[in-house]
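Worksheet: the structure to be examined is printed underneath.
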Amino acid sequence: VVEAYGQLAAEGWLLTRQGASTTVARLPTAGPPPPPAARGGEPAVDLRAGEPDPGGFPRGAWLAALRRVLATAPPEVLGYGDPRGRPELRAALAGYLTRARGVAADPGRIVVTSGFADGLARLAVVLRDQGVDTIAMEDPGQPLHRRIAAGEGLRVVPAQVDRDGVVVGELGQAGAALVTPAHQFPLGVPLAPARRTALLEWAARGGAIVVEDDYDGEFRYDRKPIGALQGLDPERVVYAGTASKTLAPATRLAWMVVPARLLEPLVEDRRHRVTTPALDQLVLAELLSSGAFDRHVRRMRSAYRRRRDALVAALAAEAPGHPVSGLAAGLHALVGLPRGVTEAAVAARAAEAGVALELLGPHWHGAPRHEGLLVGYGRPPAHAFRGALQALLAVLTGEKP
Ligand SMILES: Cc1ncc(COP(=O)(O)O)c(C=O)c1O
């Protein structure tokens, strides 16, 4: 008992004074801090661009792969490991990228990152160290990527995009260019063959680096996907892929295949910040080498193709003032607006109806050249997709759903 009293007094729970009785300390009465205010909650209908259906995530295959990994991985897997990423994953990716995307992929040239966002940030640092001060980015393009590059000290300049993809003449003297050749984000056009050549010539002339963001290259619905640009000039093009569209953004698994001149500095940089969990890398390696990844992609490709077809058909039939442009590819469609209808007006109606969609506006570097909507058809659960489409049509036609 004496010991217990002594312990409680030492920890400040009891007050003991010579000649007085021991009392319970008066402690501040504030309870635990209130939980942060709940976010506005998920929208009733989520048609924001770019995320896959979480219901399609191959949970069973992931779990089976994780079990195999844990049962067989040698102890060294639990160390810091190679800063480029697990050799098993780099080997599996090299095979997959060569076969599926026409990438010249040597496992020694692959660097695994925590999403493309992480890869781009580290690439920006390395490019800056090599004397690059300006990166050209497509206009319109992904605003997050502009912020990332600028945050690492690069000057970001816009390069217009027309129906053939990025206008190469707009790249000017930039030391690097970030492009989305397979499916321009967000306009949805492919980089035309003549532009591919012109882009590589531009890079060769100025000693520049092209970063090929192949974010949704697996999802082409009207034909076999066009091979990666990187295969044409692996010493000037960084190929960047991600599992964010094929599996889920939460995996934070992505990869870059890099030219020799960038490899050592990138590896050195990653040595200081090994950020991509090794067990997850091994799971992806297992999915790739067992064929489960290919099966999953095939399944999702046909599901998204059906969704896109349904979207295009519904808009043509019931909202013909809203044309869909861009390739039959990826997880979003660019939807035009009839004359006199603004993004702001559609956004207000959509918010009122609980329909989340994205506007083209914020994707421009400066003043918008035209308006439009990015409708993501990946996210709604399969059973709710028809209802989501009806809600969208109601927003676009101004009817109450
Ligand atoms: C144009 C583009 N590229 C790449 C990505 C993938 O980024 P991450 O791998 O960081 O999820 C996205 C995600 O939205 C994107 O919009």
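Any residue at all in segment 123-130 that is of a type outside the set (S, T, N, Q), within 23 Å of ASP280 (Cβ to Cβ) and surrounded by fewer than 18 Cβ atoms within 10 Å (Cβ to Cβ)? Among the residues of segment 123-130, not one is of a type outside the set (S, T, N, Q), within 23 Å of ASP280 (Cβ to Cβ) and surrounded by fewer than 18 Cβ atoms within 10 Å (Cβ to Cβ), which makes the answer no. Which of the numbered conditions does TYR304 fail, given that it passes all the others? Conditions: (1) touching a strand residue (DSSP E or B) at 6+ places or on another chain (Cβ under 6 Å); (2) buried (at least 18 other Cβ atoms within 10 Å of the Cβ). Checking TYR304 against (1) touching a strand residue (DSSP E or B) at 6+ places or on another chain (Cβ under 6 Å); (2) buried (at least 18 other Cβ atoms within 10 Å of the Cβ), the one that fails is (1). The residue list ARG146, ARG128, ARG122 contains one member that is charged (D, E, K, R), within 21 Å of the chain's Cα centre (by Cα) and more than 14 Å from ARG84 (Cβ to Cβ), which is ARG146.
When the test is whether a residue is at pLDDT below 95, assigned to a loop (DSSP other than H, G, I, E, B) and at negative phi, ARG369 does not pass it. Against the test of being in a helix (DSSP H, G or I) and within 16 Å of the ligand (Cβ to nearest atom), the options ASP280, ASP269 yield a single qualifying residue, ASP280. Among all residue pairs at least 6 apart or on different chains, which show Cβ distances below 9 Å where the first residue, located in segment 314-325, is loosely packed, with under 13 Cβ neighbours inside 10 Å and the second is at pLDDT below 95 and of a type in the set (Asp, Glu)? Matching pairs, first to second residue: none at all. Within this structure, THR246 fails the test of being part of a helix (DSSP H, G or I) and among the polar types (S, T, N, Q).
Out of GLY119, GLY115, GLY50, GLY141, which single residue is within 16 Å of the ligand (Cβ to nearest atom), touching a Ser or Thr at 6+ places or on another chain (Cβ under 9 Å) and at pLDDT below 95? Please lay out each step first, then the result.
On the way: GLY119 fails: at pLDDT below 95; GLY115 fails: at pLDDT below 95; GLY141 fails: at pLDDT below 95.
On inspection, the qualifying residue turns out to be GLY50.
In segment 279-291, the residues that are without any contact (Cβ under 8 Å) to a residue 60 or more places away in the chain and closer than 10 Å to LEU89 by Cα reach residues that are outside any helix (DSSP H, G or I) and not small (Gly, Ala, Ser) with C-beta atoms within less than 7 angstrom, at least six apart or across chains, in these pairs: ASP280/LEU253.
The residues listed here are ARG163, ARG122; of these, the one that is touching a helix residue (DSSP H, G or I) at 6+ places or on another chain (Cβ under 6 Å) and of a type in the set (D, E, K, R) is ARG122.
Quick one: would you say VAL189 is surrounded by fewer than 22 Cβ atoms within 10 Å (Cβ to Cβ) and either of a type outside the set (Ser, Thr, Tyr) or within 16 Å of the ligand (Cβ to nearest atom) (or both)? Judged against the criteria, VAL189 is a match.
If I go through segment 46-90 residue by residue, how many of them are charged (D, E, K, R), in contact with a Gly (Cβ under 6 Å, 6 or more places away or on another chain) and surrounded by 19 or more Cβ atoms within 10 Å (Cβ to Cβ)?
The number of residues fulfilling the criteria is 1.
One residue stands out among those in segment 329-366 that are aliphatic (A, V, I, L, M) and part of a loop (DSSP other than H, G, I, E, B): the one that is farthest from ARG306 (Cα to Cα), which is VAL341.
Determine if segment 131-140 includes at least one residue that is out of contact with any strand residue (DSSP E or B) (no Cβ under 9 Å at 6 or more places or on another chain) and either surrounded by 15 or more Cβ atoms within 10 Å (Cβ to Cβ) or on the phi > 0 side of the Ramachandran plot (or both). Taking every residue of segment 131-140 in turn, at least one turns out to be out of contact with any strand residue (DSSP E or B) (no Cβ under 9 Å at 6 or more places or on another chain) and either surrounded by 15 or more Cβ atoms within 10 Å (Cβ to Cβ) or on the phi > 0 side of the Ramachandran plot (or both).
Taking each residue of segment 236-263 that is without any contact (Cβ under 8 Å) to a residue 60 or more places away in the chain and on the phi < 0 side of the Ramachandran plot and looking for partners that are among the small types (Gly, Ala, Ser) and within 8 Å of the ligand (Cβ to nearest atom) with beta-carbon atoms closer than 8 Å, six or more apart or interchain, yields ALA243/ALA254; THR251/ALA243; THR251/SER244. Within segment 196-236, being of a type in the set (A, V, I, L, M, F, W, C), modelled with pLDDT of 95 or more and more than 16 Å from the ligand (Cβ to nearest atom) holds for ALA198, LEU199, LEU200, TRP202, ALA203, ALA204, ALA208, ILE209, LEU232.
The values are calculated or read from the model by the stated rules, or taken from the named source; none is laboratory data. Note that the coordinates shown come from a computational prediction; the quantities given were computed from them, not determined experimentally. Positions of Cβ are generated from backbone atoms using ideal geometry, with glycine treated the same way; all protein chains shown enter the neighbour counts.
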